[in-house]
Amino acid sequence: MSGASAASPAVSAELTRPPALAVAAPVRLLAGAQAMGRAEIQKLRHDYLDLITRSVQPLLWLFVFGTALRHNRTLAAGTADYRAYIAPGIMAQAALFIAIFFGLAVIWERDVGQLQRMLATPLPRTAIVLGKSVGSGVRAFVQATALLIVLAIASIGLRWSVLGVIGSLVLLVIGTGAFAAMSMSIAAGVKTRERFMGIGQLIMMPMFFASSALYPLSIMPGWLHAIARVNPLTYEVQGLRQMLLGVGGGGELWLDFLVVVGFFVAMVAAATKLYPRAIL
């Protein structure tokens, strides 16, 4: 009788526990991230116009700005065509534009009450953040794939290899997810879309120009070079350029991946902590 009595509280607790919470935490995290990612991909399937319009901007940078400076050997850092040199930077820039404004969805979800309902579910907060980061990464993946097809058609001299293309897309998706998580962290403390747009521009443009997206680190003045060295976008661009062109920024590819992955982990952790505050 005593054994049955001792076991009954544990049995009762197991019976009253919600089915979703009876699953192991890592499994719930993976399933939740997958569900959120699938929801973001569904949005993408019904929003082709957004992808098309966002693809115009990198093409303008590539074929207008890049063509104007096509034969500039200093900016091209030894490559024969400046358009090839800036292609990885333009790819990263287009993904950054997607990610940095991803926090607008958080403000919209709060305004319509969707955020409150989402936070009331048993989904781990990390799963929500990861799922949304996956959504931004998928958008960047589709856009980058389209850009690579245009580069191939235009015969712009990238170093085409299966591992190089796959590795660059993986690095781009991780970096985009990190910037999307950063955007969500900012949105958690901003109450209006207009204010968020201003903050997003304030962060995005200096981050883009203080990186190696448009010009090599070697021609930067000392103060800008120091900023670029702590800018995660610099390492993302260097990794892309190393895999697609065989030209980097003097660093190692493993270091580029390490910095981008570390930045992703840090931003996901920050967004997980700050995300619930968006409803306040």
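Do any residues in the stretch 192-218 that are more than 16 Å from Phe179 (Cα to Cα) have Cβ atoms under 7 Å from those of residues that are among the hydroxyl-bearing types (Ser, Thr, Tyr) and modelled with pLDDT of 85 or more, where the two are at least six apart or on different chains, and which pairs are they?
Final answer for the pair search is Ser212/Thr234.
Do any helices (runs of 4 or more DSSP H) lying entirely in the stretch 166-280 carry at least 3 residues that are of a type outside the set (Gly, Ala, Ser) and either in contact with a strand residue (DSSP E or B) (Cβ under 8 Å, 6 or more places away or on another chain) or buried (at least 21 other Cβ atoms within 10 Å of the Cβ) (or both), and which ones are they?
Details: elements: 193-209, 222-229, 232-245, 253-274.
The qualifying helices (runs of 4 or more DSSP H) are 232-245, 253-274.
Of all helices (runs of 4 or more DSSP H) completely enclosed by the stretch 66-164, which ones contain at least 2 residues that are within 19 Å of Thr272 (Cβ to Cβ) and over 22 Å from the mean Cα position of the chain (by Cα)? Walk me through how you get there before you give the answer.
Details: elements: 73-76, 82-100, 104-112, 114-119, 125-153.
Those helices (runs of 4 or more DSSP H) span 114-119.
Residues are listed down the side, and each one gets a yes or a no for (1) farther than 24 Å from Val56 by Cα; (2) at pLDDT below 90:
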{"residue": "Gly131", "(1), (2)": "yes, yes"}
{"residue": "Arg139", "(1), (2)": "no, yes"}
{"residue": "Ile156", "(1), (2)": "no, yes"}
{"residue": "Thr176", "(1), (2)": "no, no"}
{"residue": "Ala187", "(1), (2)": "yes, yes"}
{"residue": "Pro206", "(1), (2)": "no, yes"}
{"residue": "Ala228", "(1), (2)": "yes, no"}
{"residue": "Pro232", "(1), (2)": "yes, no"}
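Which numbered condition trips up Leu104, out of (1) at pLDDT 80 or above; (2) exposed (fewer than 12 other Cβ atoms within 10 Å of the Cβ)?
Going through (1) at pLDDT 80 or above; (2) exposed (fewer than 12 other Cβ atoms within 10 Å of the Cβ) one by one, Leu104 breaks only (2).
Taking the stretch 59-112, which residues are among the small types (Gly, Ala, Ser) and more than 23 Å from Phe141 (Cβ to Cβ)? It would help to see each step written out before you state the result.
Residues of the stretch 59-112 that are among the small types (Gly, Ala, Ser), as a first pass: 66, 68, 76-78, 80, 84, 87, 89, 92, 94-95, 99, 103, 105.
Correct list: Ala68, Ala76, Ala77, Gly78, Ala80.
The values are calculated or read from the model by the stated rules, or taken from the named source; none is laboratory data. Since this is a predicted model, take the numbers as computed values, not measurements. Every residue, glycine among them, receives a Cβ derived from its backbone with ideal geometry; neighbour counts consider all protein chains shown.
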